[in-house]
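One structure is given here, and the rest of the page talks about it.
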Amino acid sequence: MIMTASTVYDAVEPQIAWKMLLTYLLDDLFSDGMKIEAVQMVEFILNSFAQDEETTTLHLPIVYAGTVDAVDVSSAFFC
């Protein structure tokens with residue numbers, strides 16, 4: 001099953017995959033606090049599949065910065 005998932009992950013454009021993952025991460029963050037499926041999916045992807053240079057130098061920093069910024073903005077808004 002990991003082999004099939006890896007093949008699908010490699011076939012999808014990284015920009016599309018990580019844009020969708022960021023969307024799902026933000027949805028999880030701003031849900032009722034009980035959803036962590038996107039976090040688990042990102043953890044699975046990072047632990048299971050090799051990441052190319054484009055992903056590690058471009059997409060992951062953007063996802064990280066977007067997630068941290070969203071948490072920072074939401075904490076300022078709700079305080």
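Of the residues Tyr9, Leu60, Ala70, the one whose Cα sits farthest towards the positive end of the charge dipole of region 2-78 is Ala70 (charges of +1 on Lys and Arg Cβ, -1 on Asp and Glu Cβ, taken about the Cα centre).
Calculated from the structure at hand, P(r) over Cα pairs in 5 Å bins from 0, in percent is found among [x] 3, 15, 28, 28, 16, 7, 2, 1, 0; [y] 3, 18, 32, 27, 14, 5, 1; [z] 3, 14, 23, 25, 16, 10, 5, 2, 1, 0 as [z]. Around the Cα centre of region 2-78, unit charges on the Cβ atoms of Lys, Arg, Asp and Glu (plus for the first two, minus for the last two) sum to a dipole of about 100 debye.
We did not get these values from a lab; they are worked out from the coordinates using the rules stated. Note that the structure is predicted; figures quoted are calculated from it, not measured. Here the Cβ is made from the backbone with ideal geometry for all residues, glycine too, and neighbour counts use every protein chain on show.
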